1. Quick one: in the stretch A:186-210, which of the residues that are of a type in the set (S, T, N, Q) and assigned to a loop (DSSP other than H, G, I, E, B) is farthest from the other protein chains (Cβ to nearest Cβ)?
2. From the residues in the stretch A:84-116 that are assigned to a helix (DSSP H, G or I), farther than 24 Å from A:LYS163 by Cα and open to solvent by less than 20 Å² (accessible area, probe 1.4 Å), which one is farthest from the other protein chains (Cβ to nearest Cβ)?
3. So, in the stretch A:152-185, how many residues would count as being among the polar types (S, T, N, Q) and away from every other protein chain (no Cβ under 14 Å)?
4. Considering only residues of the stretch A:117-149 that are among the acidic types (Asp, Glu) and either open to solvent by less than 10 Å² (accessible area, probe 1.4 Å) or closer than 16 Å to A:ASP44 by Cα (or both), which is farthest from the other protein chains (Cβ to nearest Cβ)?
5. Return the only residue of B:ALA48, B:ALA43, B:ALA106 being surrounded by 16 or more Cβ atoms within 10 Å (Cβ to Cβ) and at pLDDT below 75.
6. Could you please give the count of residues in the stretch A:180-197 that are open to solvent by 20 Å² or more (accessible area, probe 1.4 Å), within 22 Å of A:ALA35 (Cα to Cα) and not acidic (Asp, Glu)?
7. Return the pair list, or none, for Cβ contacts closer than 7 Å from residues in the stretch B:64-92 that are more than 22 Å from A:ALA203 (Cα to Cα) to residues that are outside any helix (DSSP H, G or I), at least 6 apart or on different chains.
8. What do you reckon, is A:LEU287 open to solvent by 50 Å² or more (accessible area, probe 1.4 Å) and in the same structural domain as A:THR255 (by TED's automatic domain parsing)?
Amino acid sequence: MGRAVKRRVCLAGALCASLLLAACAPYPVAPTDAALPRSRELVDTPFFPQQQYQCGPAALATVLNSAGAGVSPEQVQPLVYLPGNQGSLQAEMLAAPAHYGYLAVPLPPTLDALLQELSDGRPVLVLQNLGVAVLPLWHYAVVIGYDLDRQLVYLRSGRDRRKVYEWRRFLKTWSRAGNWALVVVRPGEIPVSATASIYLQAASSLERRQRTEAALQAYRAGTRRWPQHALLRAAGGNAAYRLARYAEAEAAYRTALSLQPGKPSIMNNLALALAGQGCRQAALEVLACAARAAPANPVIDDTLIEIKAMPSGTGKCRAFDCPVPGVGGRP
Amino acid sequence: MKSSLMKRIIVLLVSVSFFSTYALPAWSGMVTTDQLLQQQSGALNKSALLTMLDREDVRRQLVERGVDPAYAKQRIAALSDTQIEELKGNMDTLPAGSGVVGIMIAVLLVLVILDIVGVTNIFTFINPPAK
């Protein structure tokens, strides 16, 4: 009995939803962005029919392929599927694309963001709750289009190549899952709806997969879009540092510090980038400044030991103006 | 006593089999991007060892739920510290986690409703035939 019931997860989901619809949290029914096209359908989006309850791997393979990665649901499955729970966790759905050198960027939980990405040509992976709040029936699918006039939403879902949802019904199932959605992009590309901090977190997933070169490319693109964002600059510095491009790291950290003067963690990293170029004296000065901003910090102590162990060169080193007031009134 | 022994065993396990995966010995002094992001969100900065124990905890939970140990290690390394915190102890309550129990109850409910309106006749206590 159990097996037979479980197999219905994504197939019978719609039936369950229609029978169990209940009152739920308010959700937006119309987009506020007037510039959106009235309708759009990404007909070229690939389709992978779901096996058993594995809507997670199928949906993820769909958006990955759409972004240019040639991967199958079978390849994605061991990275996201949780056999004991017969499902895939959102955190792992976000983490997996980095394995292939791609970024998964979560969307702001708004209808506008969803439609903006679609009209920009990007299919959107969504989490739906096909049950009700107290009896959840989680399902991942990929939205590939919409029609504002006919009030329809089109999805690649389960075994349906083109599932047509009535507008409000889709929005209900989506809002019951917290309007959760993600898009997948190649490094260097930024989703239209992304905010700087969400994008930065997404790009950092590449670093964890040792895709440092790709991460650097993503941070650089982010810096072009949000030039005033200090942490994006610092993150770019970190990726450059790991690639032993110390001069580039130094420049990134200096810009970050001009945007956020006196931040000890970035000064700590700048010191390392300077030491990497043989500028020990300059490095020690920067680190002393960091220590003034964050006294008795174990990270800075570690860095001091590390710098002292690095070879000192005679290269041309730029001085650093410490913005942190020193003890005893010294600048 | 027992728990302190357990702790020691875990620490040993962690340091032997996972240190190479999680720690960043080549840039030990560097404040990583993950750490920069945590500072920004005001999250408490846990010690590296505690973070590693959390990771080991979540990895074990993945394996318990049927993930191939070789992949579990990879999957844990791909998650940020914040994501690890999110998963730790919540794995069965997060979306996509406990769907099955919900489905069973939902299907049962549907059958009961269908029984009540007379489409099906599974439960004898609903609409018993008139005598």
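The values are calculated or read from the model by the stated rules, or taken from the named source; none is laboratory data. Small disclaimer: the values here were computed from a predicted structure and weren't measured. Using ideal geometry, Cβ is built from the backbone for each residue, glycine included, and neighbour counts are taken over all protein chains shown. Just so you know, the surface numbers come from the protein's heavy atoms only, side chains and all, with ligands and any DNA or RNA stripped out. Shrake-Rupley method; radii C 1.70, N 1.55, O 1.52, S 1.80 Å.
1. Of the stretch A:186-210, the ones of a type in the set (S, T, N, Q) are A:193, A:195, A:197, A:201, A:204-205, A:210.
From what is left, the residues that are assigned to a loop (DSSP other than H, G, I, E, B) are A:193, A:195, A:210.
Working: A:SER193: 20, A:THR195: 13, A:GLN210: 9 Å.
This residue is A:SER193.
2. Restricting to residues being assigned to a helix (DSSP H, G or I), farther than 24 Å from A:LYS163 by Cα and open to solvent by less than 20 Å² (accessible area, probe 1.4 Å), the top hit is A:PRO97.
3. 1
4. Taking the stretch A:117-149 first, the residues among the acidic types (Asp, Glu) are A:117, A:120, A:147, A:149.
From what is left, the residues that are either open to solvent by less than 10 Å² (accessible area, probe 1.4 Å) or closer than 16 Å to A:ASP44 by Cα (or both) are A:117, A:120.
Numbers: A:GLU117: 21, A:ASP120: 26 Å.
Only one residue fits best here, namely A:ASP120.
5. Details: B:ALA48 fails: surrounded by 16 or more Cβ atoms within 10 Å (Cβ to Cβ); B:ALA43 fails: surrounded by 16 or more Cβ atoms within 10 Å (Cβ to Cβ).
None of the others qualify; the one that does is B:ALA106.
6. Taking the stretch A:180-197 and keeping what is open to solvent by 20 Å² or more (accessible area, probe 1.4 Å), we get A:180, A:186-190, A:192, A:195, A:197.
Restricting the remaining residues to those that are within 22 Å of A:ALA35 (Cα to Cα) gives A:189-190, A:192, A:195.
Right, trim to not acidic (Asp, Glu) and you get A:190, A:192, A:195.
Looking only at that region, the number is 3.
7. B:ARG65/A:LEU82; B:VAL67/A:LEU82; B:MET91/B:GLY97; B:ASP92/B:SER98
8. Values: open to solvent by 50 Å² or more (accessible area, probe 1.4 Å): no; in the same structural domain as A:THR255 (by TED's automatic domain parsing): yes.
No, not satisfied.
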